[in-house]
There are 2 protein chains.
Amino acid sequence: MTDSDIPWLDEQEMHLWRRWLRVETELPAALGRALGQTSDLSMQDFETLVRLSESPEHRLRISALAEQMHWERSRLSHHLRRMSARGLVDKQDCKEDGRGSFVALTEAGMAALEQAAPDHVRAVRALFLDGATEDEKVVLGRVLDRVLERVAD
Amino acid sequence: MTDSDIPWLDEQEMHLWRRWLRVETELPAALGRALGQTSDLSMQDFETLVRLSESPEHRLRISALAEQMHWERSRLSHHLRRMSARGLVDKQDCKEDGRGSFVALTEAGMAALEQAAPDHVRAVRALFLDGATEDEKVVLGRVLDRVLERVAD
DNA sequence: ATCACTTACTTGACACGTCATTCAGATCGG
DNA sequence: CCGATCTGAATGACGTGTCAAGTAAGTGAT
């Protein structure tokens with residue numbers, strides 16, 4: 001089998017694909033670095049805290065949180081154990097279902113989120129959102145939607 | 001400090017940002033799963049093999065490869081050790097510089113690449129490239145370029 | 001009530017990435 | 001030359017993610 005038998009990408013496609021791959025790795029890396037400089041939170045910590053802060057009573061069933069974040073349960077379980085050890089969240093058992101648990105934001109978690117959020121939001125704007133005009137954002141959103149459909153489990 | 005003091009994202013921005021985050025994690029996951037079903041290669045293995053196959057004599061200095069791939073040297077070092085143990089690549093020392101090394105594709109590595117490539121390329125098209133029209137690809141490329149500039153080290 | 005099945009979550013082993021460190025071999029100033 | 005420094009690469013410790021297995025509690029049929 002020679003190269004010509006492979007339905008390879010042409011130059012345009014390859015260029016677009018490789019730029020995608022680079023952004024996919026470097027954007028979160030840059031945002032993570034920025035976030036780490038003004039807080040002790042990772043992007044994952046931040047996202048977790050945001051989801052909780054948006055929830056009634058600042059708490060959620062663990063599986064509900066996992067579903068919202070599109071995380072595997074075991075990943076979330078590991079992560080919450082670490083965040084809990086750092087005092088950012090708190091696990092509470094669930095009266096209605098003896099198997100289940102809630103996770104709740106602690107005071108410290110809320111404080112960490114509020115302290116970190118402004119810089120992080122600024123960074124998301126500076127590195128990502130401001131990179132596209134309004135029209136381009138519309139196109140980008142459309143493309144992302146289609147990719148998500150194709151990827152959907 | 002209350003929520004209103006935080007320069008949060010509006011609904012449009014948040015929606016776009018979260019879709020981006022989802023695609024950023026789920027697209028590589030889906031491609032990795034697909035690749036894993038028809039080969040024993042990860043996306044990282046594949047990318048490494050492609051770079052080598054595109055190089056003269058199918059080999060490169062390790063630091064050159066790291067630079068091409070935008071990988072940290074130690075990451076590449078770890079990865080090449082594993083790939084080498086699986087017989088996909090081969091390390092050779094460099095006459096001109098006693099510190100340096102080359103990595104070369106093995107026969108098995110080339111065979112694995114050629115076997116995996118068609119399906120992988122099809123998957124990249126099906127999940128990503130076909131999600132955008134030609135016009136949208138132009139826009140997407142422009143946006144990715146701008147984001148890369150902003151992220152650039 | 002009991003036994004099988006499902007659900008909610010945890011755990012442990014392992015793969016990968018990062019960071020700091022190490023080490024040999026270049027390179028360069030004196 | 002020779003010591004200081006730099007460079008290419010490997011290594012070890014550690015954090016995080018995945019997958020498979022485990023535990024405990026709910027559900028449901030008989």
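The values are calculated or read from the model by the stated rules, or taken from the named source; none is laboratory data. All values derive from a computational prediction rather than experimental measurement. Cβ sites come from the backbone with ideal geometry, for glycine too, and all protein chains shown count toward neighbours.
Below are the figures for this structure:
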| quantity | calculated |
| --- | --- |
| Condition met for B:Met110 (within 11 Å of another protein chain (Cβ to nearest Cβ) and away from DNA strand D (no atom under 16 Å from the Cβ)) | yes |
| All helices (runs of 4 or more DSSP H) inside region A:28-97 with 3 or more residues being under 26 Å from A:Ala126 (Cβ atoms) | A:43-53 |
| Single condition A:Arg99 does not satisfy, out of (1) without any contact (Cβ under 8 Å) to a residue 40 or more places away in the chain; (2) surrounded by 14 or more Cβ atoms within 10 Å (Cβ to Cβ) | (2) |
| Candidate set: region B:132-146, residues that are assigned to a helix (DSSP H, G or I), of a type outside the set (D, E, K, R) and more than 12 Å from A:Lys137 (Cβ to Cβ); chosen: the one nearest to the chain's Cα centre (by Cα) | B:Leu144 |
| Among residues of region B:77-101, those that are of a type in the set (A, V, I, L, M, F, W, C), within 7 Å of DNA strand D (Cβ to nearest atom) and closer than 26 Å to A:Leu21 by Cα, counted | 1 |
| Residue in region B:121-129 that is within 11 Å of chain A (Cβ to nearest Cβ), in contact with a helix residue (DSSP H, G or I) (Cβ under 6 Å, 6 or more places away or on another chain), surrounded by 15 or more Cβ atoms within 10 Å (Cβ to Cβ) and more than 22 Å from B:Arg22 (Cα to Cα) present | no |
| Selection within region A:65-81 - touching a Leu at 6+ places or on another chain (Cβ under 9 Å) and either near DNA strand C (Cβ under 9 Å from one of its atoms) or not assigned by TED's automatic domain parsing to the domain that holds A:Thr48 (or both) | A:Leu65, A:Ala66, A:Leu76, A:Leu80 |
| Residue match in region B:103-117 (condition: free of Cβ contacts under 8 Å to residues at least 12 places away in the same chain and either of a type in the set (Asp, Glu) or part of a loop (DSSP other than H, G, I, E, B) (or both)) | yes |
| Residues (within 16 Å of the chain's Cα centre (by Cα) and either within 14 Å of A:Leu105 (Cβ to Cβ) or among the aromatic types (Phe, Trp, Tyr) (or both)) located in region A:56-80 | A:Leu65, A:Trp71, A:Leu80 |
| Selected residue (only one of B:Leu52, B:Leu27, B:Leu21 is aliphatic (A, V, I, L, M), without any contact (Cβ under 8 Å) to a residue 60 or more places away in the chain and within 13 Å of another protein chain (Cβ to nearest Cβ)) | B:Leu21 |
| Search result, residues across region B:53-63 that are in contact with a Lys or Arg (Cβ under 9 Å, 6 or more places away or on another chain) and within 16 Å of DNA strand C (Cβ to nearest atom) | B:Ile62, B:Ser63 |
| Members of region B:118-145 that are of a type in the set (Gly, Ala, Ser) and without any contact (Cβ under 8 Å) to a residue 24 or more places away in the chain | B:Ala126, B:Gly131, B:Ala132, B:Gly141 |
